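The next block holds one structure in the form of structure tokens; read it before the comments.
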Amino acid sequence: MSDNQLRVVWIYPDLLSTYGDQGNVLVVERRARQRGLDVARLDVRSDQPIPTSGDIYLIGGGEDRPQRLAAERLRRDGGLHRAVGNGAIVFSVCAGYQILGHEFINDLGQREAGLGLLDVVSVRGEGERCVGDVLADIDQRLGLPPLTGFENHQGVTHLGPTARPLAKVRLGNGNGTGDGTEGAYNDTVFGTYMHGPVLARNPQIADLLLKLALDVNALPPTDDHWYEALRNERIAAAQAPA
Ligand code: GLN
């Protein structure tokens with residue numbers, strides 16, 4: 001962070017914002033401001049260069065063709081790589097998650113190179129599309145409450161040795177590999193299949209991104225009773241007999 005200003009970069013709202021992904025930017029902005037931080041939000045369209053001096057980068061989900069276009073442009077641009085090299089934090093959802101990996105299957109059925117910022121490879125799932133509610137226990141090392149969300153993807157994502165699963169599903173498919181893992185992360189780059197404005201349902205992840213960006217262990221508390229009520233409702237619904 002320079003000039004005491006937190007720079008939040010939303011990557012390619014014109015291509016990767018199919019599922020209300022703007023919600024993630026709004027939640028990060030709001031929770032930073034609630035802690036008295038000065039926040040600059042930068043929405044970067046796909047015909048603009050990716051700034052390399054951001055603190056937190058958010059990249060959302062999208063349909064297969066926009067996903068390929070976004071991957072091509074991000075590879076050509078190179079800015080996100082440089083930002084990660086500078087220590088930036090990245091949070092990605094669905095198509096964005098696949099793009100951050102080594103490769104995925106594009107809309108033409110071909111292997112498309114990703115950015116290699118996460119040690120994951122995505123393939124096209126042979127089974128039914130993974131659609132539905134997700135309830136997942138976040139990796140113990142992160143020490144955060146369970147995650148709730150919604151998934152909608154055909155891709156199946158395999159983790160390599162330097163990616164840790166973000167969570168283990170109690171309900172839903174997550175990475176679709178059958179081992180119960182959901183999402184992936186390393187020290188600064190995060191990916192999840194939980195759809196769209198996942199941070200609006202899981203502000204504990206927004207706070208994790210802020211703590212990493214600010215290099216602090218704790219943030220001043222906020223009133224989270226609405227989030228907690230929603231989480232408890234979703235957990236109870238997931239546990240109710242069918
Ligand atoms: N196109 C990708 C898939 O279906 C990602 C979809 C999404 O972003 N929800 O696997």
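Within 21 Å of T192 (Cα to Cα), part of a loop (DSSP other than H, G, I, E, B), in contact (Cβ under 8 Å) with a residue 60 or more places away in the chain and within 16 Å of the ligand (Cβ to nearest atom): is that true of G62 in this structure? Answer is no for this residue. Residues in region 209-231 that are exposed (fewer than 12 other Cβ atoms within 10 Å of the Cβ), without any contact (Cβ under 8 Å) to a residue 24 or more places away in the chain and either farther than 20 Å from Q5 by Cα or of a type outside the set (A, V, I, L, M) (or both): D215, N217, P221, D223, H225, W226, A229. Counting the residues of region 65-108 that are outside any loop (DSSP other than H, G, I, E, B), in contact with a helix residue (DSSP H, G or I) (Cβ under 8 Å, 6 or more places away or on another chain) and not small (G, A, S) gives 11. Which ones in region 159-197 are in contact (Cβ under 8 Å) with a residue 60 or more places away in the chain, hydroxyl-bearing (S, T, Y) and either within 11 Å of the ligand (Cβ to nearest atom) or assigned to a strand (DSSP E or B) (or both)? Listed by number, the residues that qualify are Y185, T192, Y193. When E128, E112 are checked against the criterion of being within 14 Å of the ligand (Cβ to nearest atom), of a type in the set (D, E), farther than 19 Å from T18 by Cα and modelled with pLDDT under 95, a single residue qualifies: E128.
Number of residues in region 1-35 that are closer than 18 Å to K211 by Cβ, of a type outside the set (A, V, I, L, M, F, W, C) and touching a residue at least 60 places away in the same chain (Cβ under 8 Å) equals 4.
Kindly indicate whether V156 is of a type outside the set (D, E, K, R), in a strand (DSSP E or B), free of Cβ contacts under 8 Å to residues at least 40 places away in the same chain and away from the ligand (no atom under 11 Å from the Cβ). Here the answer is no, as V156 does not meet what is asked.
Applying a threshold of 6 Å to beta carbon distances and a minimum spacing of six or more residues, or different chains, the list of pairs starting in region 124-153 at a residue that is farther than 27 Å from L108 by Cβ and of a type outside the set (D, E) and ending at one that is part of a helix (DSSP H, G or I) and within 12 Å of the ligand (Cβ to nearest atom) reads G149/V198.
The values are calculated or read from the model by the stated rules, or taken from the named source; none is laboratory data. Worth saying up front: this structure is predicted, and the values here are computed from it rather than measured. Backbone-built Cβ (ideal geometry, glycine too); neighbour counts: all protein chains shown.
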